[in-house]
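Heads up: the structure comes next, in structure tokens.
Just so you know, all these numbers are worked out from the coordinates, no wet-lab data involved. Here the structure is a predicted model, which means the values were calculated and not measured. Neighbour counts run over all protein chains shown; Cβ positions are idealised from the backbone, glycine included.
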Amino acid sequence: MKTGQAMWLHERLELALEELCELSGLSETELRELVDYGVLAPVDPDAQHWAFGADRLVVARSARRLRQDFDLDPHAVALVVALLERLRDLEEELRDLRARLPGGG
Amino acid sequence: MKYKDYYAVMGVDRKASAEEIKNAYRKLARKYHPDVSKEKDAEEKFKELGEAYETLRDPEKRAAYDQLGSHRPGQEFKPPPGWEQQFGGGSFSFEDIDLGDLFAGMMGGTHRAGRRGGKVPIPGEDYEVTAHITLEEAYRGTEVNLELTVPEYDASGFAHRVRRAFKARIPKGATDGQRLRLPGKGGKGSNGGRDGDLYLNIALHPHRLFRASGHDLFLDLPLAPWEAVLGASVQVPTLGGPVQLKVPPGTSAGRQLRIAGRGLPKPQGGEGDLFAIVQIAVPTAAGERERALFKELAQASSFNPRGHFAEEAAK
């Protein structure tokens with residue numbers, strides 16, 4: 001991770017587990033729970049040291065805020081984050097379809 | 001100090017029970033939480049709500065707040081005697097202090113005055129803000145001016161909310177909804193804690209010609225009927241300047257002609273593509289000679305664009 005330099009949070013850039021914890025404010029236990037529940041996936045689950053796409057930082061930060069602000073347990077956090085991710089994917093698909101529509105829909 | 005009406009913010013009566021306050025918080029949090037809300041100003045509203053709830057949920061803080069009496073929101077008022085003692089022996093003034101930060105710090109001894117005096121490193125706050133930029137700015141990279149209300153701490157450790165202007169450089173490679181992290185551009189850390197980060201959420205303004213999907217761009221390309229039939233070389237605008245595009249003969253409406261590498265630049269290198277979507281445009285008022293030629297074409301041509309309708313009906 002480069003410090004002091006602007007960083008696009010895209011999936012090609014990788015963050016180590018510890019970096020993801022530090023930047024998201026989640027503990028390692030909480031992060032591992034999100035992985036167990038299938039909300040976050042490391043680049044290579046079999047690797048000794050997990051790394052994550054930097055775009056996952058957005059999801060992890062959102063998980064931390066939701067847990068804190070709604071007082072959610074880990075299961076509920078996983079459920080909300082999974083639904084938000086689905087919503088985001090659908091919005092992206094909608095944006096793509098609109099862009100392809102002559103006249104822009 | 002300026003008064004804030006926490007009961008009004010939460011939409012509850014001054015006599016509301018703890019349960020009613022909790023329910024009101026949950027309801028409004030679902031509406032305004034920045035992670036789930038589509039409301040305008042959700043971020044600001046959620047901050048107000050969080051501040052009100054933090055004070056009203058705690059019986060001691062609520063009792064202290066109730067002592068202030070009821071004022072108009074924004075009205076200047078003086079805290080009751082005895083408050084100064086609780087907060088620092090009367091050695092500082094309450095003027096300009098944010099009511100929310102005062103309550104956030106009271107009772108538990110967790111305000112930054114207490115923590116700042118200690119040796120525990122406190123990381124600076126992360127800021128998150130949406131930056132609206134044009135497609136041209138995303139293409140070239142740009143610098144944006146942002147305004148944020150952020151807490152700044154005085155010598156006693158009390159927060160004062162101040163409006164601060166930020167300049168942030170957005171390197172090329174932005175797409176709609178993309179996030180940019182600017183390390184160390186958030187709030188200052190104290191006692192050796194690291195400075196917070198600034199997170200920018202990029203939102204692209206709609207463009208007159210181009211529509212973006214990820215790093216690809218889409219453009220409507222109107223063609224005259226004869227250009228579509230005979231093929232043509234047409235000039236097409238791109239963000240990097242106009243290019244010549246070869247339209248192959250027999251191009252139908254809806255076809256996407258790809259112009260490689262003329263989309264938005266990608267942060268990891270390379271570029272998206274530009275897709276020109278063919279539309280067949282016709283003159284709204286054709287001249288006499290044009291009409292005659294089209295009539296002649298209609299008689300001479302055996303082309304039936306709806307042949308498959310008949311096939312379907314025959315099944």
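Between B:GLY193 and residues 5 or more places away or on another chain, which pairs have amide H atoms under 5 Å apart, with H built 1.01 Å from N, and which residues are they?
B:ILE122
So if I take the alpha carbon set of chain B, get Rg, then get Rh from the Kirkwood formula, what is the Rg over Rh ratio?
Numbers: Rg = 31.0 Å, Rh = 25.3 Å.
Taking Rh as the inverse mean 1/r over Cα pairs, Rg/Rh reads 1.23.
Go ahead and set up a Gaussian network model of chain B, Cα springs under 10 Å, then flag whichever of B:ASP216, B:ASP101, B:ASP13 fluctuates most.
B:ASP13
Rank these for me by crowding, A:VAL77, B:VAL9, going from fewest to most other beta carbons within 10 Å. Numbers along the way, then the final one.
Details: A:VAL77 24, B:VAL9 20.
Listing A:VAL77, B:VAL9 from fewest to most nearby Cβ atoms yields B:VAL9, A:VAL77.
In whole Å, how far is the Cα centre of the range B:1-75 from that of the range B:184-203?
27
Calculate how many DSSP beta bridges within the protein assembly as shown are antiparallel, expressed in % of all such bridges and rounded to the nearest 5. Don't jump to the answer; show the numbers that get you there.
Numbers: 37 of 51 bridges.
Looking only at bridges with both residues in the protein assembly as shown, the antiparallel portion is about 75 percent.
Let me have the 222 nm mean residue ellipticity of chain B computed from DSSP H runs of 4+ only, each contributing -39500 (n - 2.57), with the sum over all residues rounded to the nearest 500. Provide the component values of the computation, followed by the final result.
Numbers: 11 runs with 96 residues, N = 315.
One gets -8500 deg cm²/dmol as the mean residue ellipticity at 222 nm.
Which lysines does B:LYS47 reach when only Cα atoms under 22 Å apart count, and residues fewer than 8 places away in its own chain are ignored?
Excluding near neighbours in sequence, the set is B:LYS2, B:LYS4, B:LYS22, B:LYS27, B:LYS31, B:LYS38, B:LYS61, B:LYS185, B:LYS188.
Sequence gap at least 6, Cα distance under 8 Å: using those rules, report the relative contact order of the range B:208-286 to the nearest whole percent.
On the way: 161 pairs, mean separation 28.4, N = 79.
Computed over the range B:208-286, the figure is 36 percent.
Stick to the Cα atoms of the range B:122-206, pair each with every other, and give me the Kirkwood hydrodynamic radius in Å at one decimal. Can you show the working numbers first?
Numbers: mean 1/r = 0.0729 Å⁻¹.
Mean inverse Cα-Cα distance, inverted, gives 13.7 Å.
Express as a percent, rounded to the nearest 5, the fraction of DSSP beta bridges in chain B (both residues included) that run antiparallel. Please report the intermediate quantities before stating the final value.
Numbers: 32 of 46 bridges.
The antiparallel fraction comes to roughly 70 percent.
What 222 nm value per residue comes from the helices of chain A, counting each DSSP H run with n ≥ 4 as -39,500 (n - 2.57) and dividing by all residues, nearest 500 deg cm²/dmol?
Details: 4 runs with 59 residues, N = 105.
Estimated from H runs of four or more residues: -18500 deg cm²/dmol.
Per-residue HN-Hα couplings for the range B:141-152, Karplus 6.51 cos²θ - 1.76 cosθ + 1.60 at θ = phi - 60°, whole Hz, x for Gly and Pro?
Each residue of the range B:141-152 in turn: x, 7, 10, 10, 9, 10, 10, 9, 8, 10, x, 10 Hz.
Taking θ = phi - 60°, what integer Hz values does the Karplus form 6.51 cos²θ - 1.76 cosθ + 1.60 yield along the range A:7-12, in sequence order, with x for Gly and Pro?
Going residue by residue, I get 9, 6, 8, 10, 6, 6 Hz, with x marking Gly and Pro.
Can you compute the charge dipole magnitude of the range B:122-206 about its Cα centre, using +1 on each Lys and Arg Cβ and -1 on each Asp and Glu Cβ, nothing else charged? Give it in debye, rounded to the nearest 20.
Computed about the Cα centre, the dipole is about 180 debye.
Could you pull out every residue, at least 5 positions away or on a different chain, whose amide H is within less than 5 Å of the one on B:ARG255? Hs are placed 1.01 Å off N in the peptide plane, and Pro or chain starts have none.
B:VAL278
Using the basic label-point model (7 angstrom from Cα toward the beta carbon), what is the B:ALA292 to B:VAL243 distance in nanometres?
Each label point lies 7 Å from its Cα, and together they span 4.2 nm.
With 10 angstrom as the radius, rank B:GLU312, B:GLU227 by how many other C-beta atoms surround their C-beta, starting from the fewest.
Numbers: B:GLU312 9, B:GLU227 19.
Fewest-to-most ranking of B:GLU312, B:GLU227: B:GLU312, B:GLU227.
Once fully extended, how much extra length lies between B:GLU54 and B:PHE309, figured as 0.36 nm per residue of separation less the alpha-carbon to alpha-carbon distance? Intermediate results must be reported in sequence, preceding the final value.
Details: separation 255, 0.36 × 255 = 91.80 nm, distance 6.69 nm.
Result for the pair: 85.1 nm of gain on full extension.
If eta is 1.002 mPa s and T is 20 °C, what Stokes-Einstein diffusion coefficient results for the protein assembly as shown, Kirkwood Rh from Cα pairs, in µm²/s? Mind showing how you got there, number by number?
Working: Rh = 26.0 Å.
For the chosen part, D equals 83 µm²/s.
Neighbouring Cβ atoms within 10 Å as the yardstick, rank B:THR175, A:THR29 fewest first.
On the way: B:THR175 22, A:THR29 9.
Starting with the residue having the fewest Cβ neighbours, the order is A:THR29, B:THR175.
For every other residue with a beta carbon closer than 14 angstrom to the beta carbon of B:GLU288, add +1 if it is Lys or Arg and -1 if Asp or Glu, then tell me the sum.
Working: positive: B:ARG289, B:ARG291, B:LYS295; negative: B:GLU290, B:GLU296.
Here the count lands on +1.
Over the alpha-carbon set of the range A:14-104, divide Rg by the Kirkwood Rh and report the Rg/Rh ratio to two decimals.
Working: Rg = 15.0 Å, Rh = 14.1 Å.
Ratio value, two decimals: 1.07.
May I ask for the angle, rounded to the nearest 10°, between helix B:288-300 and the longest principal axis of chain B, with both axes built from Cα atoms and the value confined to 0 to 90°?
For helix B:288-300, the angle is close to 70 degrees.
Amide H to amide H, which residues 5 or more places from B:ARG262 or on other chains are under 5 Å from it, using H placed in the peptide plane?
Here the answer is B:LEU274, since their amide H atoms fall under 5 Å of that of B:ARG262.
Apply the Karplus curve 6.51 cos²θ - 1.76 cosθ + 1.60, θ = phi - 60°, to the phi angles in the range B:7-24 and return the couplings in whole Hz, x for Gly and Pro.
5, 5, 4, 8, x, 10, 6, 5, 9, 4, 7, 4, 5, 5, 5, 5, 5, 4
Once you place label points 7 Å from the Cα toward the Cβ at A:GLU85 and A:GLU18, how far apart are they in nm?
Distance between label points: 2.5 nm.
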